[in-house]
């Protein structure tokens, strides 16, 4: 095929927004669409190469996969090796175990499936996963397992048959993407069926190139500029709240198609994209894409804080410097014929893949090689696993829906006349609350849904808690109909849902993760405001109150910002001398929760609820003006916001003490 420098320039347009998006620049809120641009380019180039080879009678499947191996594997293996070394040095066991899983998945090109399966509530934030970006490579390689065979098979017939088949498959994929992006966002984002249409769009351009060539001249300038505008709109105006990759993905996909079809050096867009600096970035774009995510992730892991702008700029510069190195000394030599024979390519690739697979499996099975840590650091790291079994068996999610009639019971199970309703904060508390209530001859049932606050008429737009509304409707109806239930406890991470933003303790501890967005059922495409959320909670309280149940409203549990056991274990591992127990500012806690507490106070007054404040247990109680996350050397959380067994026991004891003082429970 004839070399088109503007295509390499288009690679630069794809990779730069991705890097700036992952660097945290808010102006590039839709920078993730750079991957969609890559998909279209890949579909176009690979199809052109396959089609040209078939026409020339030189195409073989073995040669195709040899080219793919030379193109993809050397730089990928280099980055995997560097990531493994950095992970061994800087990651705590729970983090290194996850990296081991990633290494195994990367070598089998199924990392997209792994990250989809891991996309639950407690999965590490994407900003902390060094190999997360390999999901896109997995999608491409899965596509190219069957695509060359499809072209080879249908290429024997009329060209229109092949075009029609790819168009039909792409249309089905687009429909699947649009549906899944609204009802199973993680599946839509990571899995091949929802991405085929993007690669297919590029393939269709390649197969209809002669048609488009006849349409040039009058359309070229305008169409190419329109393509740039479409990509720009996607990069600068989209964000993580839009359903993707459905209809909104048409912006970068159509934009890329227009540029590929109509941009050439005689057009303004083609001339700009053909300039040497832009082409140069495009040439190293693959390596830049590979390097940037590990650099950002390890910087956040190592420094456990939000990166400063100077550090981010250094990391971006480092990503491009490493990209040039690996392009010059790794990518080019292997692509240009080293080793000379095909057998050497496949044998070498297999050997390296086996080494990484064995290393990854070992880290996975050993739980992240905890023997690397000193005794105290190893013991501290184990607190990250100190959470109730209820998370695995009793908490609902889109993949594990527990009907209210099947709710788990804790404490005195035969007298579980109380129910604890909420999200994962409720699940973290339930075992300790059951233990305390059992002393008074009572038990409690758990009705919780991960990432889903007690509310009616809305659902989350940013994640996979798509059955949240259905779950809480089922819960309300079940509680209303069950006369044996006299007391309802409500606990959720109210402030996160109300404010949308993740917590920053203003002392170097920041919680990574996407903002939370709500939408009203009648208009799911629009993000909800705090007023929308508060109204949905109000409806929930109204229905429960009308049912005559005693409602105990548990106010927000203090957030820590940093992952407490991991942060403390990392400090012990690095020899940091902590002068005082881990804690956060009570002033920051009050400011963070001010609006939410006011809204909960209104509900308490309106419906006569019994209010219990977890902040009174942890804030200004052990350390003046501080909210403790560690006592007597032990952490009180198993991550950055969920209480562990120690913290839950403290809160449960306080709850039951208040119930006793209010006459809700009698003497044991």
Among the candidates 499, 480, 450, which residue alone is surrounded by fewer than 23 Cβ atoms within 10 Å (Cβ to Cβ) and either without any contact (Cβ under 8 Å) to a residue 40 or more places away in the chain or under 23 Å from residue 184 (Cβ atoms) (or both)?
450
Considering region 554-572 alone, what residues qualify as being touching a strand residue (DSSP E or B) at 6+ places or on another chain (Cβ under 7 Å) and in a loop (DSSP other than H, G, I, E, B)?
555, 557, 558, 560, 561
Determine, yes or no, whether residue 229 is crowded, with 21+ Cβ neighbours inside 10 Å and either in the same structural domain as residue 31 (by TED's automatic domain parsing) or more than 35 Å from the chain's Cα centre (by Cα) (or both).
no
Being in contact (Cβ under 8 Å) with a residue 24 or more places away in the chain and out of contact with any strand residue (DSSP E or B) (no Cβ under 6 Å at 6 or more places or on another chain) is the filter; apply it to region 618-631 and report the residue that is surrounded by the most Cβ atoms within 10 Å (Cβ to Cβ).
630
Those strands (runs of 3 or more DSSP E) lying entirely in region 573-664 with at least 2 residues within 29 Å of the chain's Cα centre (by Cα)
583-585, 626-628
Working only within region 339-357, note down all residues that are loosely packed, with under 13 Cβ neighbours inside 10 Å and in contact with a helix residue (DSSP H, G or I) (Cβ under 9 Å, 6 or more places away or on another chain).
354
Look through 439, 372, 399 and report the one residue that is under 24 Å from the mean Cα position of the chain (by Cα), at pLDDT below 95 and surrounded by fewer than 19 Cβ atoms within 10 Å (Cβ to Cβ).
399
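Listed here are the residues, each with its yes/no results for (1) buried (at least 17 other Cβ atoms within 10 Å of the Cβ); (2) at positive phi; (3) more than 23 Å from the chain's Cα centre (by Cα).
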| site | (1), (2), (3) |
| --- | --- |
| 291 | yes, no, no |
| 303 | no, no, no |
| 318 | no, no, yes |
| 321 | no, no, yes |
| 330 | yes, no, yes |
| 336 | no, no, yes |
When you look at residue 273, is it over 21 Å from the mean Cα position of the chain (by Cα), farther than 30 Å from residue 501 by Cβ, assigned by TED's automatic domain parsing to the domain that holds residue 171 and modelled with pLDDT of 95 or more, yes or no?
yes
Looking only at region 504-512, decide whether some residue is modelled with pLDDT of 75 or more, within 27 Å of residue 609 (Cα to Cα), in a loop (DSSP other than H, G, I, E, B) and in the same structural domain as residue 447 (by TED's automatic domain parsing).
no
In the set 362, 377, 392, which member is modelled with pLDDT of 95 or more, within 25 Å of residue 563 (Cβ to Cβ) and assigned to a helix (DSSP H, G or I)?
362
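The values are calculated or read from the model by the stated rules, or taken from the named source; none is laboratory data. Note that the coordinates shown come from a computational prediction; the quantities given were computed from them, not determined experimentally. For neighbour counting, all protein chains shown are included, and Cβ atoms are generated from backbone atoms with ideal geometry for every residue, glycine included.
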